[in-house]
Amino acid sequence: MPLPQLHVHRHDHADRTLITLAGEIDLATAPLVRVALAACAHEGIRTVDVDLTAVTFCDAFGLNVFLAAFQQSAHARRVLQLHYPPPVMVRVIAITGSGFLLHEPHAVRPPRNEVGAATSGGPARVSAEPAAPPDLGRR
C-alpha cells in the first residue's frame, strides 16, 4: 500500500501567503502542514490563505493542526483562512463547530459529475448545524 502524500506549495506576496495543499492530511502528513503554518507565523506573515481544493482526505490530526494554527493566529492578531475544502471536510468542520476556519463559511467547491464537470454554477453550501438523521421508516 503506498504511503499517503501531501504536497505543500507556498506563494508569498508581501505580508500575505497562499499555501496550496494537495493530497491527504493525516497522522503522517499533518506535521508538514504544521511546519508550513508555523514558518509563516515565524516570518511575520499577517494573513495565511490555505487552498484545500486538491485535498483528498483530512482526518482529525489535520483538523487539529488548523485549529491550533487558527488559535495562535488569532492570539497574535494574524489571519488564517481555509478555502475550498472538499465536501467531506466541510462536513467534519460543521459537525465540530469549526466553521470559523473557513474563509466563506460553509462554502465548498461545486460537486463534480462523473465526467468531471461542475454540476452547479456556484459554490454549494452546507449548514453549520449537523443534519438530522434521515427517517428510516421508524414507527
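Every number here is computed from the coordinates shown, using simple stated rules; none is lab data. Because the structure is a prediction, the values reported are computed rather than measured. A quick note on method: Cβ atoms are made from the backbone with ideal geometry, for glycine too, and the neighbour counts reach across all protein chains shown.
If you count, for each residue, the other Cβ atoms within 10 Å and average over each peptide, how do 17-30, 63-76 line up from highest to lowest?
So the peptides 17-30, 63-76, ranked by packing, come out 17-30, 63-76.
Order of 91-101, 6-16 by packing, highest average Cβ count within 10 Å first?
Details: 91-101: 15.7, 6-16: 12.9.
Peptide ranking by packing, descending: 91-101, 6-16.
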*Inter-probe distance in nm under a simple model that places probes 7 Å from Cα toward Cβ, at residue 41 and residue 7*: 2.8
*asked:* For the stretch 22-46 and the stretch 72-91, what is the centre-to-centre distance using only Cα atoms, to the nearest Å?
replied: 12
